[in-house]
Every structure is written in structure tokens, then in C-alpha cells.
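This report concerns only the one structure given below.
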Amino acid sequence: MIESWILNELFQDLTDPFLIMALVLVVIHFGTPLAYYWYAKTQWLPKPWNIRVDGNYRPKVTVIVPTYNEAGFIEKKLDNVYQQDYPRDKVEVIVVDSASNDGTPEKVKQWSMKHPDFHVKLVQEPVRRGMAHALRTGFSYVKGDVVVITDADAIWEDPDTLKEVVKWLSCKGVGAVSCIKVPYRSKGFEETYRQYYNVLRVAESRAWSTPIFHGELSAFKKEFLEKVGGFPLGVGSAESLAAMKIAALGYRAITPDTITVSELIPQSNYVWWRIRRAQHLILHLVKTLRYLKHYNSSFKQVVLMEAYFHLINSWLFITGAVLLLYATLALRSILSSIFLALGLVLLPIRSYRVWVTNQLFLVVAQLRNLWRKELVWSKQRKL
């Protein structure tokens, strides 16, 4: 008798429009990115680069370091660049300080005096206007043929990093290069997230280009930056949008698997740090869609998929969860209760938990972008 009642209830659930819609949304939400990741990893990642490089290419390089209250990191960063195995007479560093009040400019001046064999230029902005403005300011002083931007707290572990960067840019068909980011001495959420994230960046690059670049290290041919008007304003990810504008000219924008940078993670307010980053990425992808018609068919697919993942897919998850909750509480659906319980049971699995959490970050980021785009943000203490 009880079994018959349960079977009858399950049959009714399967004909309920709310439950059907919820299941369709959930399947699309999880199925689409899984299919994309599988395809990228199995079809694109094994592909040859089809890029001819010159390992002896040694152009003049300008490294732009935007700073705001980086007194604890700037000397280490300058040491980091100084220790690169690259001809020092072909490297210049431009530190663009955005009205620091912790003595960062003084630290730069002191370091420069101790290293007279290295060209460091300090540019001081009177007010803080965000990273994009600092990059645009620094670009006006560039003399090198290759422009590299980097954060003050980004760690280039390999002394051959600059050599590796310019090697890829020696190819005429490559206009911009970025890096793989690895959390510095940080496990858990960020490490798991980066494992999947980095695979996609490299796989998309092997297919042709990736639409997402990183402030920890992004490099550009100066001539192409000049053609696209330098670093754009009005976005938090100016390096990514500059790369996509260069890609619109027909040049590849890639993340090789041979360039790795260690990234410091905030000691506190990690959630808001991630949300702010999501806000910047969302704004960047919205603006990148404007250049879609200029991309080849392969790259159009990549840009559309990344835009879908960051702008739409997270809402399918939220909508599906709400419909399941409604079906459980209001309609007393047994099947919806089972699916909700399954979602909770899976939370101890780290990769699943990271995915779900990131969907919430993306939703909150889109909502916050409606009134606060976080182009200038509060300084956070990092490890």
C-alpha cells in the first residue's frame, strides 16, 4: 500500500511543470560546463601550439607596476624583476603609485638608489583612480617594445619568466601573453578552483586564444597596444580587455603552460575579494562581446561560452534551486526533496562545493555591478 502511494506520488512529480523546469535548468547548469571542460581538455589541450618562437629574441621590455600602499611588497617586487635572467640594459620598470600614504614611493626611491644599474622610473598620481587608470598613465612613459604589467604582490618564481614571455611574443601572430596563477602557500578553495580554471585558460589558448588575462603578469607588443589605444578605462580587468582588442585585430592572446606566477591570497575578507574579481571579469566579458564580430569562428565560440558561464549559467542554478525548494515546501514533492537532499549530501566533495560557491559569487557580483563596479577598492591584507 505504502509502495503504491510512493510510486503514485513520484509519477505525479514527474508531470509537475515546476519540477520539470527545475530539473531541466539544473541539468543544463551542470551539464554545459562539464561538456565544455571535457571538450577543452580532450580536444584543445592536446593540440600543438602552431606558434613559431625564437628563444633568442631579446627586445627591450618595460615592466609597469601599479601600486597603492605596497610598502610591504614593492622592494621584493623590484628585487623579483631585478633577479630575472634578462639583459638589464634592456629592462625598464615604471612604478605608477596611486597616492599611497604608507611610504611606498619612498621605498621605490631608496631601492632605485641602491641599484644604479637598473632603470626604475617612479610616476606618482595625485589621487587614486584604480588600476586601469594607473596602467594607462604608465603606458604613456613606455619605451620598450614589449610591455609587461604585474602586481606588486605577484611572485615570479622562475628567473627565466621574462625570457619565456618574450619568446612567445617573438611570433608575429601573437599579440599578447598572460600567465597561469598558482595560490601562494594557500590550499582549499582557491587551489581547487585554479586547477580547473588553469586547464581552461591553456586549452582555449591552444585552440586559438583565451579571453581572460591576469594582472599578475600580462605582456603585450607595444605596437599593438598603440593600435588599440592603450589600456582601456572603465573596467577592472584592463589587461584582459586590452588583450581582447588586440585579438580583434587578428592576433592571438594566449596563456602558455610554461609561464606560472604565484598569487598571494587575502588573509581576511576573502569572499569580497573573490566577488570583486568576479565583478571585474563580468564587466570585461560584457565589453568583449562588442568585438565578437571581429573574431574567427573558433574564438567566437570560446568568448560566447565564457560569457554564458559568467553571465547566465549561475542564474540557472539559482532558479532551479528555488523551483526545487518551492516544489518541496509548497507542493510536497517527494522527488524535489530527494534532489535537494542530494545537493546537500554532495557538499563535502570539495570540487562540487567550490563550484556551487563560485556560482553564488557570480550572482552577487552581477547584482553589485548594478550600483558599485569596484573599480577602486579597499586595500586588503594578503598572506
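The values are calculated or read from the model by the stated rules, or taken from the named source; none is laboratory data. Being a predicted model, the structure only gives us computed values, none of them experimental. Methodologically, a virtual Cβ is constructed for each residue, glycine included, from the backbone with ideal geometry; neighbour enumeration extends over all protein chains shown. SASA here: full protein model, heavy atoms, side chains in, ligands and nucleic acids out. Shrake-Rupley method; radii C 1.70, N 1.55, O 1.52, S 1.80 Å.
Go through the residues of segment 317-324 one by one and say whether even a single one is of a type in the set (S, T, N, Q), assigned to a helix (DSSP H, G or I) and open to solvent by 10 Å² or more (accessible area, probe 1.4 Å). Scanning segment 317-324 turns up at least one residue that is of a type in the set (S, T, N, Q), assigned to a helix (DSSP H, G or I) and open to solvent by 10 Å² or more (accessible area, probe 1.4 Å).
The residues on offer are SER262, SER237, SER336, and the sole one that is buried (at least 20 other Cβ atoms within 10 Å of the Cβ), within 14 Å of the chain's Cα centre (by Cα) and modelled with pLDDT under 95 is SER237.
Scanning segment 32-70 for residues that are open to solvent by less than 30 Å² (accessible area, probe 1.4 Å) and over 23 Å from LYS221 (Cα atoms) returns PRO33, TYR36, ALA40, TRP44, GLU70. Each residue in segment 345-356 was checked for being in a helix (DSSP H, G or I), in contact with a helix residue (DSSP H, G or I) (Cβ under 7 Å, 6 or more places away or on another chain) and open to solvent by 20 Å² or more (accessible area, probe 1.4 Å), and 2 pass.
Here the condition is being within 26 Å of LYS227 (Cα to Cα), surrounded by fewer than 23 Cβ atoms within 10 Å (Cβ to Cβ) and modelled with pLDDT of 95 or more; of VAL148, VAL91, VAL166, it holds for VAL91 alone.
Output the residues belonging to segment 156-208 that are of a type in the set (A, V, I, L, M) and in contact with a Phe, Trp or Tyr (Cβ under 6 Å, 6 or more places away or on another chain). The answer is LEU162, VAL166, VAL174, ALA176, VAL177, ALA203, ALA207. Looking at segment 286-316 only, could you name the residues that are aromatic (Phe, Trp, Tyr), part of a helix (DSSP H, G or I) and closer than 20 Å to ALA242 by Cα? Of everything in segment 286-316, those that are aromatic (Phe, Trp, Tyr), part of a helix (DSSP H, G or I) and closer than 20 Å to ALA242 by Cα turn out to be TYR291, PHE299.
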